[in-house]
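No lab work stands behind these numbers, since they all come straight from the coordinates. For clarity, every value in this text was computed on a predicted model and none was experimentally measured. Reconstructed Cβ throughout: ideal geometry from the backbone, glycine too, with neighbour counts over all protein chains shown.
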Amino acid sequence: MRAAKFCLLIICLSATTSAFALRCGSKVIKEGDGLSRVANYCGEPENIRTRSIFRSGGISGSEQVAPNRRRARVGIYDEVSVEIEVEEWEYNFGPNKLSRRIVFEDGVVVRIKSIGYGY
């Protein structure tokens, strides 16, 4: 009974980690890898989609030395919007394997999704 539970646990853990990585031949592609690494190991994707997204964040003013000799932040908190290029590469590995979509932001893998069986 213990062995069956252990085997089930191993199968569940391996199924969850496979969504975050992709094996191309003997190489593994994972989050944080670059466009060129994916292209070198997996080849040309079947489909490429590009788009831009905008992310906002804030920056504050400069540091100044206050009269009591402590550093203090002064200035106005500014909202800044940054354009990020997003590419989605789709790989079709045939009818017996799951197809994958790799999402890049600024040339870096941020997500690997299974998108169903190929054709």
Revision key, fill the gap. At the level of C-alpha centres, the distance separating segment 95-119 and segment 33-48, in angstrom, is 11
Check your understanding: Calculated FRET efficiency, ALA21 and GLU83, Cβ-Cβ r, R0 41 Å, to nearest 0.05?
Key -> 0.90
Check your understanding: For SER99, which sequence-distant residues (separation of 5 or more, or a different chain) have an amide H within less than 5 Å of its own amide H, given hydrogens modelled in the peptide plane?
Key -> PHE93, ILE115, GLY116, TYR117, GLY118
Review point. Given the Cα-Cα distance of ASN47 and ARG111 and 0.36 nm per residue of separation, how much length would full extension add, in nm?
Key: 21.4 nm
